[in-house]
Amino acid sequence: MNWLPVLLLYVAVWLAIFVQTQFPTLTEWLGLAPSLVPALIVHAALTHSSLVTLGLAVVAGLGLDSLSPMKLGIHYLPLLALGMAIQARQHLILRDQTYARIFLGLAAGTFVPLATLLLLTITDRPVLSGWVTGWQLVFSGLFNAMACPVCFAIFDWLERVLGDPRPVESSFRPDRQIKRGRN
């Protein structure tokens, strides 16, 4: 396995966290910080091993927790749950279909903020929620629905360019027997 695409995935998560937390003008204008992290977790869960998905969810969650005023662990639990749920059903998901990527991005973009809000209500901190929360969930879901196929396209291209070359398949079928002679 070539580790360069995995390293680039970690760099992409780091850049997504940086962009999400360092541009307050966009956050003030939209009312929320758009996050690419759920789309990247979906990509990692469908294309990489469970160890890579686990590490990416923990690194992304702790990165978001370290740059937010919330308690440690609030962000990584929903990301971890998302990654492991997709990883468990990886063999059933149509990874190569665009509509499946859009649906997974929509579900991930809605699930992660909703699970984070649920975890915040369990803690002792007061949580402000209202009709704006619905707007934030819809926007986050639609943003990740659009971003998920783009993430797949970019990382599939990087895998083709930087990854190991695919083996050349022979036209010979191993389940056929070749009989030589007159009969």
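Quick one: net charge of LEU77's neighbours, Cβ under 14 Å, K/R +1, D/E -1?
0
What is the sum of charges around THR53, taking Lys and Arg as +1, Asp and Glu as -1, for the other residues whose C-beta is under 15 Å from the C-beta of THR53?
+2
Choose one answer from PRO167, PRO113, PRO149: the residue with the largest mean-square fluctuation in a GNM of the chain with alpha-carbon springs under 10 Å.
Looking only at PRO167, PRO113, PRO149, the biggest GNM fluctuation is shown by PRO167.
Tell me, what ³J(HN,Hα) does each residue in the range 123-138 have, in order and in whole Hz, if you take phi through Karplus 6.51 cos²θ - 1.76 cosθ + 1.60 with θ = phi - 60° and put x for Gly and Pro?
6, 8, 7, x, 10, 8, 9, x, 5, 5, 4, x, 4, 5, 5, 5
Residue-wise, which Karplus ³J(HN,Hα) couplings in Hz belong to the range 8-20, taking 6.51 cos²θ - 1.76 cosθ + 1.60, θ = phi - 60°, and x for glycine or proline?
5, 5, 5, 5, 5, 5, 4, 5, 5, 5, 4, 5, 5
Between the range 1-63 and the range 107-128, what is the separation of their alpha carbon centroids in Å?
Their Cα centres are 18 Å away from one another.
Tell me the mean residue ellipticity at 222 nm calculated for the chain from its helices only (DSSP H runs of n ≥ 4, each -39500 (n - 2.57), averaged over every residue, nearest 500).
-23000 deg cm²/dmol
Going by amide H atoms built from the backbone, whose H comes under 5 Å of the H on HIS48, apart from near neighbours?
It is none; the list stays empty.
Using the C-alpha gyration tensor of the range 1-68, what are the square roots of 5 times its eigenvalues, in whole angstrom, with the largest one first?
24, 11, 10
Between LEU128 and LEU94, what length in nm is gained on full extension when 0.36 nm per residue of separation is reduced by their alpha carbon distance?
8.5 nm
Kindly write out, for the range 51-67 in residue order, the coupling ³J(HN,Hα) from the Karplus curve 6.51 cos²θ - 1.76 cosθ + 1.60 (θ = phi - 60°), rounded to whole Hz, with x marking Gly and Pro.
Values, residue by residue: 5, 5, 5, 4, x, 5, 5, 5, 5, 5, x, 5, x, 5, 5, 6, 9 Hz.
Would you mind telling me which residue in ASP156, ASP164, ASP96 has the biggest mean-square fluctuation in a Gaussian network model of the chain, where springs connect alpha carbons within a distance under 10 angstrom?
Top of the fluctuation ranking is ASP164.
No value in this document is a laboratory result; all are computed from the given coordinates. All values reported here derive from a predicted model rather than from experimental measurement. Every residue, glycine among them, receives a Cβ derived from its backbone with ideal geometry; neighbour counts consider all protein chains shown.
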